[in-house]
Amino acid sequence: MSADLIDGKAFAGQVRARVAAQVARLKEVHGITPGLAVVLLGEDPASQVYVRNKGKQTAEAGMASFEHKLPAETTEADLLVLLDALNADSAVHGILVQLPLPPHIDENLVVGRIDPAKDVDGFHISNVGLLATGQKAMVPCTPLGCLMMLRDRHGDLSGMNAVVVGRSNIVGKPMAQLLLRDSCTVTIAHSRTREIEALCRGADILVAAVGRPEMITADWVKPGATVIDVGINRIPAPEKGAGKTRLVGDVHFESAAAVAGAITPVPGGVGPMTIACLLANTLTACCRANG
Ligand code: GUN
């Protein structure tokens, strides 16, 4: 490996410490405690782990955490009633509905019901539009975390060639918007992109967000490029024993790290930054709500 390792775990710790210090000051000076409500439907194990981590880190930052764990059969109407109540609750500054939702629920309808000012995920169409038009928006947490790591490494990103592999609403599209806002030349690549390898090899910044384990190998990486791996994929690991698994990204770490200038590991890269940015967004929402 010749690339520098971008330590998302350590960086996220610094972000959380900064947030916690500001939360303490808000409480002391203004008597305000930022509050984050998380809504989870059903028993999906990965979602339960995320929600538990969010609750723990919210409390550690000194914020109020309101968890609403509902059965998978909860009706859309009941979920909307809960969101209306959270929208109206002045102790709640941020609302996150854990996705994916069960198939009988219209995700767009639910996300659209969240007050955009409390939409700490940045998924509401108002925030998507504000970001796309360069206005003050709630920015989705994962791409925001990626941007923070890129700015930390490079300072000014302007003029850099950035390729984002993946076009999801949660990561790929907002990531591209953020890089464009920082004056990168941005390309979004996806499953239909022609000569994707060569395209990626032209990138100074390569962001992988496709959800395909270890798809991006050394041949895709420009020597010296910065590689941000958003993927979190669980694959079989027979070398660890029968039935065991391990986490890998969308980038084949070992080969890419031999070529890249800097790279995020999985785990310990982008993942921890997502929750740190969620806390930062909740603080931002609280500050905006209180003038
Ligand atoms: N499910 C997986 N990641 C996320 C996220 O960032 N926000 C929400 N609401 N659900 C998710």
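The values are calculated or read from the model by the stated rules, or taken from the named source; none is laboratory data. What you are looking at is a predicted structure, and each value in this text was computed from that prediction instead of being measured. Please note: Cβ atoms are built from the backbone with ideal geometry, for glycine as well, and neighbour counts cover all protein chains shown.
Table: residues versus (1) under 30 Å from residue 204 (Cβ atoms); (2) out of contact with any strand residue (DSSP E or B) (no Cβ under 6 Å at 6 or more places or on another chain).
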position	(1), (2)
73	no, yes
80	no, yes
97	no, no
105	no, yes
114	no, no
134	yes, yes
148	yes, yes
164	yes, no
- Sole exception among (1) of a type in the set (A, V, I, L, M); (2) more than 18 Å from the chain's Cα centre (by Cα); (3) buried (at least 24 other Cβ atoms within 10 Å of the Cβ); (4) more than 17 Å from residue 164 (Cα to Cα) for residue 225, by number: (4)
- In region 113-143, which residues are surrounded by 15 or more Cβ atoms within 10 Å (Cβ to Cβ) and of a type in the set (S, T, N, Q)? 126, 127, 142
- When every residue in region 251-266 that is in contact (Cβ under 8 Å) with a residue 60 or more places away in the chain and under 29 Å from residue 17 (Cβ atoms) is compared, the one surrounded by the most Cβ atoms within 10 Å (Cβ to Cβ) is 264
- Message: Regarding region 25-37, can at least one residue be identified that is under 22 Å from residue 271 (Cβ atoms) and without any contact (Cβ under 8 Å) to a residue 12 or more places away in the chain?
- Response: no
- Query: Going by the structure shown, is residue 73 among the acidic types (Asp, Glu), within 13 Å of the ligand (Cβ to nearest atom) and without any contact (Cβ under 8 Å) to a residue 40 or more places away in the chain?
  - Reply: no
- Message: Test of understanding: among 180, 157, which residue is crowded, with 19+ Cβ neighbours inside 10 Å, among the hydrophobic types (A, V, I, L, M, F, W, C), more than 15 Å from the ligand (Cβ to nearest atom) and over 12 Å from the mean Cα position of the chain (by Cα)?
- Response: 157
- In region 1-47, what residues are within 16 Å of the ligand (Cβ to nearest atom) and out of contact with any strand residue (DSSP E or B) (no Cβ under 7 Å at 6 or more places or on another chain)? 8, 12, 15, 42, 43, 44, 45, 46
- Could you list all residues from region 182-236 that are out of contact with any Pro (no Cβ under 7 Å at 6 or more places or on another chain), part of a strand (DSSP E or B) and aliphatic (A, V, I, L, M)? 186, 188, 189, 205, 206, 207, 208, 216, 227, 228
- Query: Does residue 110 satisfy the condition of being surrounded by fewer than 22 Cβ atoms within 10 Å (Cβ to Cβ), over 18 Å from the mean Cα position of the chain (by Cα) and at pLDDT 95 or above?
  - Reply: yes
- Task: State all residues of region 197-211 that are within 17 Å of residue 252 (Cβ to Cβ), out of contact with any helix residue (DSSP H, G or I) (no Cβ under 7 Å at 6 or more places or on another chain) and buried (at least 18 other Cβ atoms within 10 Å of the Cβ); if no residue qualifies, say none.
- Result: 203, 208, 210
- Item | Which listed residue is aliphatic (A, V, I, L, M) and touching a Gly at 6+ places or on another chain (Cβ under 6 Å), from 210, 221 | 210
- Query: Can you pull out the residues in region 151-181 that are of a type in the set (A, V, I, L, M, F, W, C) and either in contact (Cβ under 8 Å) with a residue 12 or more places away in the chain or in a loop (DSSP other than H, G, I, E, B) (or both)?
  - Reply: 157, 160, 162, 163, 164, 165, 170, 171, 175, 176, 178, 179
